[in-house]
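> Next up is a structure, given as structure tokens.
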Amino acid sequence: MMLSVEDLRFSYGDHLVLDGVSFKVNEGEVISILGSNGAGKTTLLKSMCNIHRPQEGKIVVDGKDILSLSRNDLAKNVGFVPQTAPASRMTVFDSVLIGRRPHIELNAGEYDINIVAEVIDSLGLSHLSLRYLDEISGGELQKVHIARAIVQEPKVFILDEPTSSLDISNQHMTMHMIEDAVRSRNMCTVMTMHDINLAIHYSDRFLFLANGKAIAYGGVDVIDEALIKEVYGIDSEIIDHRGIPLVVPMNSKKYNHRSNHHHPHDIHDHLDQGMPT
Amino acid sequence: MIDLTNISSASKGHIKITETKEEYLKYRWKKILFLISSLIFLLIISIYTIRLGATGLSYGDIISYLLFPDNSWNSTVVWSLRMPRIIGAIVAGSALGLAGVVMQSILRNPLASPFTLGISNAAAFGASLGILYLNGGLMIGSLEAYAQINNPIIVTLSAFLFAIIATMFIVAMMKYTDSRPETIVLAGLAISSIFGACLAFMQYIADDISISAIVYWQFGSLAKVTWNNLTIVFILLIVASLYFFFKRWDYNAMEAGEDVARGLGVNIPKTRMVGLIISALLTATVVSILGIIGFIGLVGPHIVKRLIGNDNRYTLPGSMIMGAIVLLLAYLVGSYAFELVIPVGIITSAIGGPLFLLILLRGHKK
């Protein structure tokens, strides 16, 4: 199975937000969409699950254009995890069970209850199962949203900034969880990320967007200083950290300050003046 | 490493009964038990209420008149006065509770209800218009005048028309504003005051008997209930509750936010529009028969949500039962707690106002 996004176009009125974006994702693969604010990342994700209906283009899963499917059939194929969602006075179990909506005819059956219980257990949410959403932490709530999309049993798994409101430990815990779910269920996964280094740790490939256009797509080797400059408009240095590239932005005042003090010219100046070094 | 491989085994029927599942099933039973006990409580207060009144009747008398009605005064008291009022409280309370819980769910607004969104007042204006000017009602009496609705269809249609106008206004406000709960309730306040002004103007230009009749009619009261007009609310309530029952998963999905609901295949504009129209119709029918009964659509659902959480599979029937209980209790208090018989509309507003403030306080504590 493979997901293929072909020439997707979307505009808000006259403003073109997605300008012919195309890419392919293999099953069990995680793709991160990167780009500056307003580059069209979230619009691309929402177009992929028909929250925004794209004006042109195709999204093909298993040879079938899923945009031509009914809302319900589309929901059986594509699971979406929003960046934030309200916490109502509903238990974790019931809230995850909502993910079965596209499959449920009238009542939640034995299988629906079983899969929800299994996913809750596997994501380590068992102790919260009967707690209300408005009583749990932000990190736990994010896990509930992910669990809800997993029980939907989609072929395509779409996540909008899954770690945006989490601390560093919860960021990695959540990303581990997503990675394991994706690999074990062989879902084609597309997510938007702000943190490029976190994306490098957990993604197989990267799609860089600028002004609604895909300007680079590929493995970690596509990421270089020139691309970072083009996408984010900042200078950076890419260093190798135990075989994993680490993008270090070079425009902070601290770097300027430190580089002024330790600049080689400073040393030469000292030598020229005959001062001891 | 998180193991998700056992999920696929569930599909093959090799199901490991987890503790999580067992606990959930127990919890679900508790909610069902809550619904059953509420229903029993409603039955108990109905039985208690039917014996109260100036005509002293024993339970034996009541049962015999219920089973074998005759032309006696006692039989008339049971069949034409007490029963229609009790059934009226149950049906109208259920309708308002249901309209309230659906509005709260599809607007994602805990403060929404037919009364707080101004729909009750709009319907009241429409109904008054129908009674006074569209030959929907008959003014009876001279000194103590009251309006008798002799054409419930005209009055209900007129009430519905204005309830829909108010609803469309709310929908437009949601489209063009930040649609925060407070904004929508403020819009509801504006709607209430606009239709309040229209109603006041209508009273200002009407003759004395009509004014007296329409003012009396406006106080939400169960004394106006007849079997005839109750049938309309009842039929509508059955149809609406069936429709809402089929849509309960959509409403649950909407509780998780619009993007989640869309991602789960819910057609939000359609679900919202149809839900609001049916709620407006329920409200309009109740208002045109009983007058304005405020806050039932707020009080009923909130009690249920506090007790069993916010899952529409249970809050929909729960709010219907609780709406009926609250209205029947209000009728009981209004009719028998004081020397003077006080219309239920006044009692429910007296209970609902403070509750509304409490909800506001809880949501906006410093």
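Read-outs: derived from the displayed coordinates by stated rules, not from any lab. Just so we're clear, the structure is a prediction, and the values are computed from it rather than from any experiment. Backbone-built Cβ (ideal geometry, glycine too); neighbour counts: all protein chains shown.
> Tell me which aspartates and glutamates have Cα within less than 19 Å of A:Lys229's Cα, excluding those fewer than 8 residues away on the same chain?
Filter leaves A:Asp195, A:Asp221, A:Glu237, A:Asp240.
> Send over the per residue convex hull volume for region A:198-256, Cα only, as a whole number of Å³.
92
> So for A:Cys49, B:Cys198, fewest C-beta neighbours within 10 Å to most, what's the order?
On the way: A:Cys49 27, B:Cys198 18.
So the residues, fewest neighbours to most, are B:Cys198, A:Cys49.
> I want to verify the translational diffusion coefficient of region B:227-298 in µm²/s; compute it with Stokes-Einstein, Rh as the Kirkwood radius over Cα pairs, at 20 °C and 1.002 mPa s.
157
> Counting every Cα pair in region B:242-366, what percent are over 22 Å apart?
On the way: 3626 of 7750 pairs.
I get 47 percent for the Cα pairs in region B:242-366 exceeding 22 Å.
> Given a Förster distance of 45 angstrom, what is the FRET efficiency for B:Ile63 paired with B:Asn135, based on the Cβ-Cβ distance and rounded to 0.05?
0.65
> While we're here: Considering region B:173-227, what Rg and Dmax in Å follow from its alpha-carbon atoms?
16.2, 45
> Moving on. Convex hull over the Cα atoms of the protein assembly as shown, averaged projected area in nm²?
39.2
> Taking the square root of 5 times each eigenvalue of the Cα gyration tensor, what semi-axes in Å does the equivalent ellipsoid of chain A have, largest first?
41, 24, 15
> OK, next. What does the average come to when, for each residue of peptide B:306-316, you count the partner chain Cβ atoms lying within 10 Å of its Cβ? Write out the running numbers ahead of the final one.
Numbers: counts 1, 0, 2, 10, 9, 9, 2, 4, 1, 2, 0.
For peptide B:306-316, the averaged partner shielding equals 4.
> If you don't mind, there's one more thing I want to ask. For chain A, what is the calculated [θ] at 222 nm in deg cm²/dmol (nearest 500), taking -39500 (n - 2.57) for each run of four or more DSSP H residues and dividing by its residue count? Numbers along the way, then the final one.
Details: 10 runs with 99 residues, N = 277.
Result for chain A: -10500 deg cm²/dmol, rounded to the nearest 500.
> Could you give the alpha-carbon Rg of region A:91-136 over 2.2 N^0.38 Å, rounded to two decimals? Present the calculation step by step, with values, prior to reporting the outcome.
Working: Rg = 10.6 Å, N = 46, 2.2 N^0.38 = 9.4 Å.
Working it through for region A:91-136, the quotient is 1.13.
> If you don't mind, there's one more thing I want to ask. Would you work out if region B:315-360 is rounded, prolate or oblate? Take a ≥ b ≥ c from the square roots of the eigenvalues of the alpha-carbon gyration tensor; rounded if a/c is under 1.5, else prolate when a/b is larger than b/c, oblate otherwise. All intermediate terms of the calculation are to be shown ahead of the outcome.
On the way: a/c = 3.48, a/b = 1.38, b/c = 2.52.
Oblate.
> At 7 Å along Cα-to-Cβ for each site, give me the label-to-label distance between B:Tyr48 and A:Ser22 in nm.
My value for the distance between the label points is 7.4 nm.
> How crowded by other chains is A:78-91, given as the mean number of beta carbons from other chains within 10 Å of each beta carbon?
Numbers: counts 2, 2, 5, 3, 7, 1, 2, 7, 6, 3, 12, 9, 9, 7.
Across A:78-91, the average partner-chain Cβ count within 10 Å equals 5.
> Further, regarding this structure: When Cβ neighbours within 10 Å are restricted to other protein chains, what is their mean count per residue of peptide B:19-26?
6
> Continuing with this model, one more query. At q = 0.13, 0.19 Å⁻¹, what log₁₀ I(q)/I(0) does region A:8-107 have when each alpha carbon counts as one equal point scatterer in the Debye sum?
Log10 I(q)/I(0), no solvent term: -0.58, -1.11.
> Rank the residues B:Val171, A:Val116, A:Val17 as a footprinting-exposure proxy: fewest other Cβ atoms within 10 Å of their Cβ go first.
The most exposed by this proxy come first: B:Val171, A:Val17, A:Val116.
> Same structure again: Restricting the count to DSSP beta bridges whose residues both fall in the protein assembly as shown, what percent are antiparallel, rounded to a multiple of 5?
65
> Students often forget the sequence filter, so: which aspartates and glutamates lie under 16 Å Cα-Cα from B:Lys30 once same-chain residues fewer than 8 apart are removed?
Partners found: A:Asp94, B:Glu22, B:Asp311.
> Here's a follow-up. Would you please state the base-10 log of I(q)/I(0) at q = 0.09 1/Å for chain B, with intensities from the Debye formula using one equal scatterer on every alpha carbon?
After summing over all Cα pairs, the log10 values are -0.54.
> Given the C-alpha centroids of region B:334-361 and region A:11-75, what is the distance between them in whole angstrom?
So the two Cα centres are separated by 53 Å.
> Let me ask something else about it. Can you tell me the FRET efficiency between A:Asn72 and B:Tyr176 if r is taken as the Cβ-Cβ distance and R0 is 35 Å, rounded to the nearest 0.05?
Working from the Cβ atoms, E equals 0.70.
> Have a look at the DSSP beta bridges in chain A and tell me what percent are antiparallel, nearest 5.
The antiparallel proportion sits near 60 percent.
> Given a Förster distance of 35 Å, report the FRET efficiency between B:Tyr27 and A:Ser4 from their Cβ-Cβ distance, rounded to the nearest 0.05. Can you show the working numbers first?
Details: r = 43 Å, r/R0 = 1.23.
The pair B:Tyr27/A:Ser4 has a calculated efficiency of 0.20.
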